[in-house]
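Peer 1: First, the structure itself, so that you have it in front of you.
No lab work stands behind these numbers, since they all come straight from the coordinates. The structure displayed is predicted, hence computed values, not measured ones. Please note: Cβ atoms are built from the backbone with ideal geometry, for glycine as well, and neighbour counts cover all protein chains shown.
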Amino acid sequence: MLDAFIASVPKVELHLHLVGSASPHTVSRLAAAHPDVGVPADPEALDAFFTFRDFLHFVEVYSAVNSLVLTAADIAEVIEGAARDLAPQGVPYVEMTVTPYMHTVRGMPYGAFVEGLDEGRREAGALVTINTDDPPMFGTTLTDEYRRVAAAFDLDLAAVAGLVRNAISASFMPHDNKRALLAEVDLAIALARPEGDRR
């Protein structure tokens, strides 16, 4: 009875890394697309590759999988794969952590990274928020991250405001605080628009 309940009850995943979400099935597809990286595509070899031994081995596996994510299509594949893997578990909501630096440092253009996120997000029906994680470590701020995303996607005021609203709505703050903050966003939008523009 308890096992059936655990299997069937809707669940949420509140901390899932993009690369860490890649199941052996997804990694096999990526490894087949990028055989020169050296990650096995064979299911049995992948099972051995993924078998946890210790933290150092975890870091090696994570780094190897990260090295398979080279294109916008790869980013989308990982996101869509995570959605496919989580759906049978009854997981309708996931908070996925994405670190562009892990991919741009390997040569992926920032625009391609963002394009892959957008494609994966649309396919998975995901809500997107902008966050920094460790801003001083990457020489950024939350404001800079909004500017980068707006420039990469050519977003207008309404689209950026939508990202801000997503973050507020998805946050764990009390509902009264959310309502108050959303009202402040509405005021900021009104003040930012040219006079007479009521959109």
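Peer 1: Summing -39500 (n - 2.57) over the DSSP H runs of n ≥ 4 in the chain and dividing by its residue number, what mean residue ellipticity at 222 nm do you reach, to the nearest 500 deg cm²/dmol?
Peer 2: So the calculated ellipticity at 222 nm is -18000 deg cm²/dmol.
Peer 1: Using θ = phi - 60° and the Karplus relation 6.51 cos²θ - 1.76 cosθ + 1.60, list the HN-Hα couplings for segment 80-92 in order, rounded to whole Hz, with x at every Gly or Pro.
Peer 2: 5, x, 4, 4, 5, 6, 7, 4, x, 8, x, 10, x
Peer 1: Oh, and also: With a Cα-only, solvent-free Debye model of segment 36-77, what are the log10 I(q)/I(0) values at q = 0.22, 0.29, 0.30 Å⁻¹?
Peer 2: -0.80, -1.07, -1.09
Peer 1: Which three lengths, in whole Å and largest first, does segment 124-199 cover when its Cα atoms are put on their principal axes?
Peer 2: 42, 31, 29
Peer 1: Residue by residue through segment 100-116, which ³J(HN,Hα) values in whole Hz follow from phi under the Karplus form 6.51 cos²θ - 1.76 cosθ + 1.60 (θ = phi - 60°), with glycine and proline marked x?
Peer 2: Couplings: x, 4, 4, 10, 5, 5, 8, x, 6, x, 4, x, 5, 4, 5, 4, x Hz.
Peer 1: Compute the whole-percent fraction of alpha carbon pairs in segment 114-155 spaced more than 15 Å apart.
Peer 2: Result for the distance tail: 49 percent.
Peer 1: Tell me which residues come under 5 Å, amide H to amide H, from Thr99 once H is placed; ignore anything under 5 positions away on its chain.
Peer 2: Leu18
Peer 1: Using θ = phi - 60° and the Karplus relation 6.51 cos²θ - 1.76 cosθ + 1.60, list the HN-Hα couplings for segment 157-171 in order, rounded to whole Hz, with x at every Gly or Pro.
Peer 2: With coefficients 6.51, -1.76 and 1.60, one gets 4, 4, 5, 5, 4, x, 5, 4, 4, 4, 5, 5, 4, 7, 6 Hz.
Peer 1: Quick one: which residues, 5 or more positions from Tyr93 or on another chain, have an amide H under 5 Å from its amide H? H modelled 1.01 Å from N in the peptide plane, none for Pro or chain starts.
Peer 2: For Tyr93, whose amide H was placed from the backbone, the distant partners under 5 Å are Glu13.
Peer 1: I'd like the projected area of the chain, averaged over all directions, using the convex hull of its alpha carbons. Report it in nm² with one decimal.
Peer 2: Averaging across all directions leaves 14.5 nm² for the Cα convex hull.
Peer 1: Among Ser28, Ala82, Thr51, which residue has its Cα positioned farthest towards the positive end of the charge dipole of segment 16-126, with +1 placed on the Cβ of Lys and Arg, -1 on the Cβ of Asp and Glu, and the dipole taken about the Cα centre?
Peer 2: Ala82
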